[in-house]
Amino acid sequence: MEKTNGESFDGDDEYVSQMPEEAQEVRDNLQSHAKGCRSVFRTIGVIVKKILMVVGIFVFGALGIGMSWWSFSEIEQMRQLERTPEMPAAAVVGGEVNVTGTAQRMDRTVTSPDTGTSTLYYRYTVEERRGSGDNRRWETIQSQSDGVEFLLEDDSGSVIVDAISSTPTIEAPRQYRDQSDGRRYTEYRIDPGEELFVFGYAELDDGEARVGFGRDGSYTPIISHRPEVEQRTEQTLESGAFVVFGVMALLVSVFLVFRVFRIHHAGMYVTVVTAVVVGTLFVQGFIMMVDDLRAADEAASRTLGEGRSLIVDTLRENDVDVDGSFNDLGSFDDEQYAVLNDEERERLSGARVTMARSVERTNETLTSFPELFVGLPMGIRPLEALDVPPEEQEQISALEEDYEPVRLEMHFGLIAIAIGLFGIVLFTWRGLKSIGTKRTIENVPTSPIEGAVYGLTELKASVSSAGQEGYLNGPLTNRDCVFYRYKVEKRTRSGRKKKKKWKTIKDEKKAVPFVCEDGTGEMYVDPEGAECIGTNRKRRRRGSKRYTEWIIGPGDDVYALGETTVNPETHDDLMMCQDDEKAPFIVAGITEEKLKHRKAFAGFMLLSVGIVATMIGGMGVAGMEMAFGPTMYVTMAGISCGYLFGVLVIMYYNDLVFLRDRVRRAESNIDVALKKRFDLIENLAGIVQEYLGHEQQLQQSVAQARRAREQSEEDSVEEAEIVAENEARNRLFALLESNPDLKGQKVIQEMMQTLTEVENDIVLMREGYNDSVERYNNRLDHIPEIFVARLLWFRHAEHLTVGPGEGGDGAFGPSDGGGATRDGRGGVRS
């Protein structure tokens with residue numbers, strides 16, 4: 001047999017046949033030892049695979065938990081920024097502060113190493129180019145930084161920023177880069193005049209605000225040249241990415257658990273995945289909500305306390321009476337505050353504006369849903385709003401006008417929704433299809449060939465012979481087979497890194513009809529249109545090519561699941577073929593258990609991708625409508641729960657629809673056969689009446705059968721119809737038996753033979769129909785299918801108890817073989 005590019009393996013067998021007997025014996029011994037070694041290596045490979053999967057469970061589980069909590073951390077930092085309103089420098093009070101201004105020098109500067117620039121802060125890196133080819137990369141071999149205290153000024157005043165005594169996250173712009181002799185030198189600097197955003201903790205020292213980063217509080221130390229909004233947006237996107245990848249890692253861990261313990265129960269997998277995904281998102285969202293409420297309340301209380309202290313202390317220092325309520329202070333431009341200078345008035349007014357904005361933002365969080373119902377049991381109540389004069393209220397409105405909680409931008413949201421919908425439709429459909437096939441394999445009991453009935457049947461047998469087309473020859477082994485898959489791969493280099501990998505250049509599948517037997521009978525199988533899965537894998541390598549063959553050969557065990565129908569050539573036995581494109585049709589050289597695992601785990605993997613797609617789509621919808629935060633996590637948990645609940649309902653609904661359609665199809669097939677049978681009876685009756693003249697009883701029987709057929713529902717089988725046809729048929733056969741000359745006519749003999757074949761078909765179809773009804777009714781009474789059935793109005797089907805030749809007392813009774821009976825080969829005999 002010729003191979004790709006003309007390579008042939010037939011010469012190997014010819015060479016072996018010419019070897020001396022001693023050499024052949026040595027060769028056989030070596031092959032036997034090699035077979036034993038391969039068996040040992042396979043066992044070791046299975047053990048190693050199991051160990052790697054167990055390790056993967058813990059690795060991916062830890063990775064998923066770590067990423068989820070990293071996402072939590074990013075959202076927490078973003079929420080800290082959202083809760084802390086951006087304030088003018090003159091309005092800074094003690095506690096968490098969010099200030100934007102221009103950096104200016106105080107007493108001294110530092111000098112950058114490479115350019116010698118006088119600056120407020122620098123980070124200097126030296127990188128070296130290492131590696132070769134596509135693996136060349138820059139590696140940092142030296143990094144140093146230094147800085148000084150500086151002023152942050154805006155139109156209202158200034159604050160001191162202390163970046164020396166603690167180590168905040170400093171994002172300085174790149175000001176210089178040079179490259180020479182395989183090295184790259186870079187300076188990141190904050191020069192005087194640089195626009196900066198600072199998030200830290202402020203303390204008042206003799207009326208002067210100093211922002212540091214060493215005190216504990218609800219803030220993340222940041223000095224950045226990027227705007228605050230950009231910082232929050234980046235944290236939001238990072239949080240969304242981490243939560244998605246975290247859930248993906250947890251799903252991989254769950255998948256590996258099911259693989260290691262070989263659990264293929266689809267309902268259990270969906271339930272466990274629901275618990276993991278929804279539990280992770282909901283618990284994380286709930287914990288985040290609790291922490292967010294507590295931190296918001298504490299931060300606002302701190303700001304109120306520091307602000308009150310500043311205002312009260314300043315007023316008392318100027319001998320202003322502050323014995324009344326804080327809300328009764330009024331405007332600092334009033335006459336009673338005439339002793340204050342302009343700087344003090346502006347500072348006290350700015351402090352009160354900061355306090356009012358902090359209360360307003362905190363109350364927005366505390367009074368929203370569902371935070372309100374979480375905060376009340378914790379004893380957290382909305383804060384009392386501050387009464388501020390109209391001019392300060394206008395200032396608050398102007399400052400808050402540009403504030404907007406971080407939401408997904410429209411284009412990001414639409415992209416996320418598109419990805420989600422695509423993933424849900426594609427992967428969910430394919431996953432449900434694979435699991436549906438697995439559940440069909442699970443729910444259809446194995447039938448001996450002798451007991452096979454018309455309709456969907458599962459067989460476990462062995463290949464006994466090929467059909468009329470004869471055997472195929474395996475392209476690699478030249479072995480006789482009824483199915484082979486032959487794949488040729490070539491070792492090539494591809495990608496930027498030119499890594500070697502196997503590229504498939506040929507993948508061929510062929511199958512021919514065959515006969516299988518199981519000790520009780522034989523069944524003809526036509527595998528056209530079937531999903532064929534071979535075994536007996538053989539692999540050889542020649543040069544840069546790899547040849548692999550999977551086959552099903554004579555004597556191999558085979559698992560078959562498909563529709564059995566009446567053999568059109570014999571009409572007295574069944575054959576398996578693709579009679580219904582919607583029904584699964586599988587011919588496999590592997591065991592039923594392996595096939596179930598293969599289908600189940602393929603479906604599990606696809607559904608897991610569908611869950612991730614649902615999360616991405618849900619994030620897109622929720623992210624455009626609500627601010628990123630705990631509520632969105634809880635919303636995503638609800639969306640994921642809805643998806644998984646829908647998957648369960650669809651899975652069980654599809655099972656019931658499949659079983660119900662089998663009943664309807666079997667019923668329709670019987671009705672078609674009955675119509676054909678009635679036409680034959682009517683034609684025979686016409687011939688007999690013409691020969692015998694007026695035969696009143698036969699005429700009445702045919703008329704009664706015609707009325708029964710007309711009264712029956714379209715495409716519905718009624719037992720009264722069968723009984724009426726049996727009466728006419730039995731009367732007709734009685735007349736033929738009593739008139740041998742008439743019975744001997746060729747036309748009547750042919751019509752009687754056709755009628756017998758049709759009745760044989762009906763016998764097989766009735767058995768298949770009743771078997772379908774029994775499986776369908778049993779599933780309707782199972783949990784959880786019973787809930788889906790009642791919700792969606794599935795009803796029990798009725799068995800068919802009357803068949804051809806039954807229900808009448810004519811001459812063609814049991815002694816005459818009325819109808820067909822089993823023949824011990826899985827077929828029927830008349």
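The values are calculated or read from the model by the stated rules, or taken from the named source; none is laboratory data. Small disclaimer: the values here were computed from a predicted structure and weren't measured. Here Cβ is always computed from backbone atoms with ideal geometry, including for glycine, and neighbour counts include all displayed protein chains. With ligands, DNA and RNA removed, areas are computed over all heavy atoms of the protein, side chains included. Shrake-Rupley method; radii C 1.70, N 1.55, O 1.52, S 1.80 Å.
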Q. Considering only protein heavy atoms and a 1.4 Å probe, what is the carbon-and-sulfur percentage of the accessible area of segment 315-375?
A. 44
Q: Just subtract the alpha-carbon distance of Leu204 and Gln104 from 0.36 nm times their residue separation and send over the number in nm, one decimal.
A: 34.0 nm
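Starting from segment 329-421, pick out the GluC sites (Glu not before Pro) whose DSSP state is loop and whose Cβ has at most 11 other Cβ atoms within 10 Å.
Values: sites: Glu335, Glu343, Glu344, Glu346, Glu360, Glu364, Glu371, Glu384, Glu391, Glu392, Glu394, Glu400, Glu401, Glu409; in loops: Glu384, Glu409.
Answer in residue order: Glu384.
Working out 0.36 nm times the residue gap between Ser145 and Thr520, then minus their Cα-Cα distance, what length gain in nm do you get to one decimal? Mind dumping the intermediate values first?
Numbers: separation 375, 0.36 × 375 = 135.00 nm, distance 8.51 nm.
Taking Ser145 through Thr520 to full extension adds about 126.5 nm, to one decimal.
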Q: Among Ser132, Ser112, Asn98, flag the residue with its Cα farthest along the positive direction of the charge dipole of segment 80-133, charges on Cβ as +1 for Lys/Arg and -1 for Asp/Glu.
A: Ser132
(Q) Only sites in a loop by DSSP and with at most 16 other Cβ atoms within 10 Å count here; which chymotrypsin sites (Phe, Trp or Tyr not before Pro) in segment 600-662 make the cut? (A) none
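Of all accessible surface on segment 500-611 at a 1.4 Å probe, what whole percent is carbon and sulfur?
On the way: 2200 of 5100 Å².
Ligands and nucleic acids excluded, carbon and sulfur give 43 percent.
Leaving ligands, DNA and RNA out of it, report the carbon-plus-sulfur percent of the accessible area of segment 210-270 at a 1.4 Å probe. Could the numbers behind the result be given before it?
Details: 1570 of 2400 Å².
C and S atoms contribute 65 percent here.
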Q | Euclidean distance of C-alpha centroids, segment 613-657 and segment 80-137, integer Å | A | 41
Q) Non-local amide H neighbours of Lys506 (under 5 Å, H modeled in plane, Pro and chain starts lacking H): which ones? A) Val488
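What GluC sites (Glu not before Pro) in segment 547-615 are in a loop by DSSP, with at most 13 other Cβ atoms within 10 Å of the Cβ?
On the way: sites: Glu549, Glu563, Glu569, Glu581, Glu592, Glu593; in loops: Glu569, Glu581.
Passing both the DSSP loop test and the Cβ count: Glu569, Glu581.
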Q) Spin-label point model (7 Å from Cα, Cβ direction): what's the Ser464 to Ser544 distance in nm? A) 5.0
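Which pairs, out of Lys433/Lys510; Lys460/Lys676; Lys509/Lys582; Lys50/Lys460; Lys499/Lys582, put more than 31 Å between their alpha-carbon atoms?
On the way: Lys433/Lys510 24 Å; Lys460/Lys676 34 Å; Lys509/Lys582 22 Å; Lys50/Lys460 29 Å; Lys499/Lys582 42 Å.
From Lys433/Lys510; Lys460/Lys676; Lys509/Lys582; Lys50/Lys460; Lys499/Lys582, over 31 Å: Lys460/Lys676; Lys499/Lys582.
Taking the alpha carbon gyration tensor of segment 210-298, what are the square roots of 5 times its eigenvalues, largest first, to the nearest whole Å? Mind showing how you got there, number by number?
Values: eigenvalues 292, 50, 23 Å².
The equivalent ellipsoid of segment 210-298 has semi-axes of 38, 16, 11 Å.
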Q. Tally Lys/Arg at +1 and Asp/Glu at -1 over every other residue whose Cβ is under 12 Å from the Cβ of Leu472; what's the total?
A. 0
Q.
Below 8 Å between Cα atoms, with a sequence gap of 6+, how large is the relative contact order for segment 338-410 in percent?
A. 34
Q) What is the distance in Å between the Cα centres of segment 364-383 and segment 313-341? A) 33
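Once R0 is set to 41 Å, what does the formula 1/(1 + (r/R0)^6) return for the Cβ-Cβ distance between Asn778 and Lys49, expressed as a FRET efficiency to the nearest 0.05?
On the way: r = 38 Å, r/R0 = 0.92.
Plugging the Cβ-Cβ distance into 1/(1 + (r/R0)^6) gives 0.60.
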Q.
Before I look further, what does segment 561-643 give for accessible area per residue, probe 1.4 Å, in whole square angstrom?
A. 34
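Over segment 331-434, with the other protein chains present, what is the accessible area per residue in square angstrom, probe 1.4 angstrom?
Details: 5980 Å² over 104 residues.
Here the per-residue accessible area is 57 Å².
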Q: Using the 2.2 N^0.38 Å rule of thumb for compact globular proteins, work out how segment 492-574 stacks up: its C-alpha Rg over that value, please.
A: 1.64
**Q.** Thr117 versus Ile419: modelled label distance in nm, points set 7 Å from Cα along the beta carbon direction
**A.** 3.6
